[in-house]
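Structure, as structure tokens:
The values are calculated or read from the model by the stated rules, or taken from the named source; none is laboratory data. Only a predicted model underlies this, so the values are computations on that prediction, with no experimental measurement involved. Cβ: placed from backbone, ideal geometry, glycine included. Neighbour counts: every protein chain shown.
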Amino acid sequence: MKRARATVLLLVVGGCSFFVANRLSHAPHTSEPQASPQTSHAQCDQTLWQYVYHPVRLQVLDSCISVIGTVEEVRKEADGDIHILFRLDQQFESLLNEKNVSRQYGDLVLEPICQGRVRQADAEEPCSRYNGPYFEPQIGQRYLVSGAYVHDADHGWNELHPVNSMQPVQ
């Protein structure tokens, strides 16, 4: 347990350091989305949390970040969420922990909520009131994704959950 806490703390501190260092650099402006984890509360709708079942299992590491990567796998879950394995671009790999590496093939998990039919009783009520956003992620497509960066205490890996936006990028 101490090792897991130390790992999470190291990831948070490392991520914050990376963010600050990158914000202080004078990178040239390009038309492609910025390629560093960004905190932007304007991009994340905090009301989506009311549709997350058992939100206490998710330890919020950052209430809103944006990352870039490629969809590797899409799986529908019984709770109505989509479980997406997302291969992060190299500059975002510090967001992963050992469970992401050992149990999720080195990918970050993305969880757009209430995207499909709910077959899990405790998730029915929260999703019954959900009215979007909806996503149709394509395997092999790169996206700029925004959402809450969390540690899933039940599974041990890090995720973006709930996902607020997925915008295709070249």
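Points worth noting:
- Residue count for region 105-130 under the criterion of being under 20 Å from residue 54 (Cβ atoms), touching a Phe, Trp or Tyr at 6+ places or on another chain (Cβ under 8 Å) and crowded, with 21+ Cβ neighbours inside 10 Å: the result is 7.
- Complete set of residues in region 101-158 that are touching a helix residue (DSSP H, G or I) at 6+ places or on another chain (Cβ under 8 Å) and without any contact (Cβ under 8 Å) to a residue 40 or more places away in the chain: 106, 107
- Cβ pairs under 6 Å, 6+ apart, first in region 79-92 and surrounded by fewer than 20 Cβ atoms within 10 Å (Cβ to Cβ), second assigned to a loop (DSSP other than H, G, I, E, B) and at pLDDT 95 or above: 83/77; 87/107
Quick grid of which residues meet (1) among the β-branched types (Val, Ile, Thr); (2) at pLDDT 50 or above; (3) in contact with a strand residue (DSSP E or B) (Cβ under 7 Å, 6 or more places away or on another chain):
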| residue | (1), (2), (3) |
| --- | --- |
| 5 | no, yes, no |
| 10 | no, no, no |
| 18 | no, no, no |
| 38 | no, yes, yes |
| 54 | no, yes, no |
| 78 | no, yes, no |
| 86 | no, yes, yes |
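- Matching residues in region 138-156 - criterion: being over 17 Å from residue 75 (Cβ atoms) and either among the β-branched types (Val, Ile, Thr) or outside any strand (DSSP E or B) (or both): 150, 153, 156
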